[in-house]
Amino acid sequence: MEREPGGSLFFRGLQNRSHEEMKLRKRKSALYLSPEKSSERRGGLLGENIYLVLFTIALRICNCFLVQTSFVPDEYWQSLEVAHHMVFNYGYLTWEWTERLRGYTYPLIFASIYKILHLLGKDSVQLLIWIPRLAQALLSAIADLRLYSLMKQLENQQVAKWVFFCQLCSWFTWYCCTRTLTNTMETVLTIIALFYYPLEGSKSMNGVKYSFLVALAFIIRPTAVIPWIPLLFRHFWQEQRKLDLILHQFLPVGFVTLSWSLIIDRMFFGQWTLVQYNFLKFNVLQNLGTFYGSHSWHWYFSQGFPVVLGTHLPFFIHGCFLAPQRYRILLVTVLWTLLVYSMLSHKEFRFIYPVLPFCMVFCGYSLNHLKTWKKPALGFLFLSNMLLALYTGLVHQRGTLDVMTHIQELSYNNPHKSAASVFVMMPCHSTPFYSHVHYPLPMRFLQCPPDLTGKSHYLDEADIFYLNPLNWLYKEFPSNSTMPTHLIIFSVLEEEINAFLISRNYERTAVFFHTHLPEGRTGSHIYVYEQKLKGKLNRR
């Protein structure tokens with residue numbers, strides 16, 4: 001029996017129609033979605049699975065409360081102290097603000113938080129301390145998630161998972177990411193900007209967004225532009241419409257952000273000031289940052305970078321050999337940043353923190369390619385970093401914060417607090433100040449502004465004090481009537497000024513552990529001395 005041509009075409013039409021309907025049903029049904037796409041469909045918050053987002057935020061909040069130590073003075077004196085002065089009209093501003101080397105854009109974030117708390121009647125000292133840090137922790141969590149999302153676009157979920165793991169267990173990230181440092185905000189903005197940067201394979205590229213974030217990082221900390229120089233140059237080189245890139249993206253974004261910065265600083269300084277120029281002039285052109293210490297040119301390569309990376313270092317080196325060519329720009333950025341900062345005399349670990357997430361990309365790529373030794377490597381990375389993170393977060397250099405808690409009690413729990421006064425005889429800016437007391441208690445510390453007049457053999461107040469502490473104290477306080485009621489010192493100073501303490505009837509009333517590693521003028525403990533005289537404050 002012969003088949004009818006029409007019938008054959010009819011059945012073929014039915015088959016084709018049925019296949020089309022099946023494809024349509026397949027696309028509509030969530031049952032046929034891959035696990036990765038299904039998780040994205042269920043999530044949507046920050047473009048990631050809701051459980052991953054909540055886990056990251058919860059981890060960074062725990063991170064915040066498990067960091068109870070001090071790192072560098074800038075985390076208070078360039079943010080919280082300035083914000084406290086902006087809102088409550090008392091406190092102390094360092095010489096950098098009188099010389100207009102710093103801008104108010106970053107402190108304004110915390111000043112806004114303080115103002116809201118004040119209007120709500122909730123401006124307790126504990127909230128003033130912890131709310132800004134929790135806000136910084138939330139921003140760091142968003143940056144972590146953006147790094148994960150970017151790697152998922154560039155590679156796959158497996159590689160993204162290992163990069164995310166490396167980022168979360170980095171001891172230095174744990175140590176810094178919840179601190180109110182300009183370097184921390186610079187790092188957060190750098191990661192989020194990289195998410196929108198036109199890397200090969202990225203699906204989230206947005207020129208205006210990444211340009212704005214880079215410009216904002218520059219406004220907050222002008223040296224933030226250093227890691228972005230190779231990235232911006234690459235973008236310009238690969239862009240077909242170079243003139244449009246400059247005229248319709250870089251210039252408008254730069255004009256808006258710089259105008260914003262100028263207006264904010266005009267409001268608080270009372271005059272038009274380009275703080276970014278002043279900052280670069282002081283730290284780069286004049287290189288006056290050496291007043292606060294200098295290191296050898298190779299310090300970042302021999303000490304700084306290995307310490308910041310920690311036990312991630314071998315995985316970073318391994319990943320550099322394995323990563324595809326498109327990641328070469330990230331490696332160039334890391335090396336460029338290290339080289340530029342190596343040319344400056346004053347060096348600190350935190351300066352290279354913004355390129356640490358770039359290194360995690362290579363570390364994650366290394367872990368992804370490990371086969372037989374993957375589990376031991378993961379255990380080694382996690383344990384080594386967590387031990388170091390917990391030690392530096394809970395033990396090392398905690399005394400300067402604990403002693404401020406003692407001063408809080410002196411302010412709020414003392415019926416004679418109007419008669420109390422405090423002199424912090426430690427290297428200048430060792431402790432936070434009114435942002436951690438929130439009471440106009442008379443307080444003083446040893447001053448250490450740099451010489452801006454070009455004097456030879458310049459010595460600040462702290463230097464003069466440490467040349468002969470005992471002699472300085474007798475000259476500064478010739479009688480008991482001028483003495484502060486409380487003195488705060490590092491333990492190494494006690495023996496040198498013991499005669500003065502006895503002659504002025506001071507007794508040690510509190511001891512706070514600071515660090516296992518005494519260095520220079522600091523010691524392993526902080527001592528609080530109280531003057532015991534009739535008519536004076538007596539807290540026995």
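To the nearest ten degrees, helix 5-28 and the longest principal axis of the Cα atoms of the chain are 10 degrees apart. Extension gain for I464-E507 works out to 13.0 nm (0.36 nm per residue, less the C-alpha to C-alpha distance).
Go through (1) 344; (2) 246; (3) 215 and flag the label whose value is the computed volume of the Cα convex hull per residue in Å³ for this structure. Here volume of the Cα convex hull per residue in Å³ agrees with entry (3).
In the context of the full set of protein chains, residues of segment 369-472 present 47 Å² of accessible surface per residue (probe radius 1.4 Å, heavy atoms only). Quick one: angle between helix 105-119 and the longest Cα principal axis of the chain, in degrees between 0 and 90, rounded to 10, please. So the inclination is approximately 80 degrees.
Are there chymotrypsin sites (Phe, Trp or Tyr not before Pro) in segment 287-346 that DSSP puts in a loop and that have at most 14 other Cβ atoms within 10 Å, and which ones? Write down the numbers at each step before the final one.
Numbers: sites: F291, Y292, W297, W299, Y300, F301, F315, F316, F321, Y327, W336, Y341; in loops: W297.
Here the chymotrypsin sites (Phe, Trp or Tyr not before Pro) that fit, given the DSSP loop and packing criteria, are W297.
Give me the dipole magnitude in Debye, nearest 20, for the chain about the Cα centre, with unit charges on the beta carbon: positive for Lys and Arg, negative for Asp and Glu. Let's see the in-between values first.
Working: 49 positive and 34 negative charges, 342 e Å.
Here the size comes out at about 1640 debye.
Contact order, relative form, for the chain: 15 percent (alpha carbon pairs under 8 Å, 6 or more residues apart, mean separation divided by residue count). Each of M343, P198, L93 was scored by the projection of its Cα onto the charge dipole of the chain, and the greatest displacement toward the positive side belongs to P198; charges sit on the C-beta of Lys, Arg, Asp and Glu.
Measuring r between the beta carbons of K532 and T405 and using R0 = 30 Å, the FRET efficiency lands at 0.85.
Based on the Cβ-Cβ distance from L390 to F269, what FRET efficiency comes out when R0 is 41 Å, to the nearest 0.05? Present the calculation step by step, with values, prior to reporting the outcome.
On the way: r = 42 Å, r/R0 = 1.01.
Computed FRET efficiency for L390 and F269: 0.50.
Contour minus end-to-end for S479 and R444, with contour as 0.36 nm per residue of separation and end-to-end as the Cα-Cα distance?
Numbers: separation 35, 0.36 × 35 = 12.60 nm, distance 1.76 nm.
Gain in length upon complete extension: 10.8 nm.
Taken as Cα centroids, segment 220-267 and segment 352-426 sit 33 Å apart, rounded to the nearest whole angstrom. Counting only cysteine Cβ atoms and a cutoff under 4.7 Å, the chain contains unmatched residues C62, C64, C169, C176, C177, C320, C359.
Against the 2.2 N^0.38 Å scaling, with N counting residues, where does segment 57-174 land? I'd like the Cα-based Rg ratio to two decimal places. Intermediate values should be presented prior to the final figure.
Working: Rg = 17.3 Å, N = 118, 2.2 N^0.38 = 13.5 Å.
For segment 57-174, the normalised Cα radius of gyration comes out at 1.29.
With θ taken as phi - 60° and the Karplus curve 6.51 cos²θ - 1.76 cosθ + 1.60 applied, the whole-hertz 3J(HN,Hα) list for segment 262-273 is 4, 5, 4, 5, 5, 5, 9, 7, x, 7, 5, 9 Hz, x standing for glycine and proline.
Working from label points 7 Å from Cα in the Cα-to-Cβ sense, the T372 to T290 distance is 5.3 nm.
Per the 1.4 Å probe, what fraction of the accessible area of segment 299-436, in percent, lies on carbon and sulfur atoms? Please report the intermediate quantities before stating the final value.
On the way: 3750 of 5430 Å².
Whole-percent figure for carbon plus sulfur exposure: 69.
When both bridge partners sit in the chain, DSSP labels roughly 65% of those beta bridges antiparallel. Counting protein heavy atoms only, segment 113-179 has 68 percent of its accessible area on carbon and sulfur, 1.4 angstrom probe. Full extension of the chain between W237 and L258 yields a length gain of 5.1 nm, computed as 0.36 nm times the residue separation minus the alpha carbon distance. Our coupling estimate for segment 333-338, obtained by passing each phi through the Karplus curve with A = 6.51, B = -1.76, C = 1.60 and θ = phi - 60°, is 5, 4, 5, 4, 4, 4 Hz, Gly and Pro reported as x.
Tell me, what does the Kirkwood hydrodynamic radius of segment 217-292 come to in angstroms if you use every pair of distinct C-alpha atoms?
14.4 Å
The values are calculated or read from the model by the stated rules, or taken from the named source; none is laboratory data. The structure presented is a predicted model; accordingly, all values stated were derived computationally and were not measured. Backbone-built Cβ (ideal geometry, glycine too); neighbour counts: all protein chains shown. In case anyone asks, the SASA skips ligands and DNA or RNA and just uses the protein heavy atoms, side chains included. Shrake-Rupley method; radii C 1.70, N 1.55, O 1.52, S 1.80 Å.
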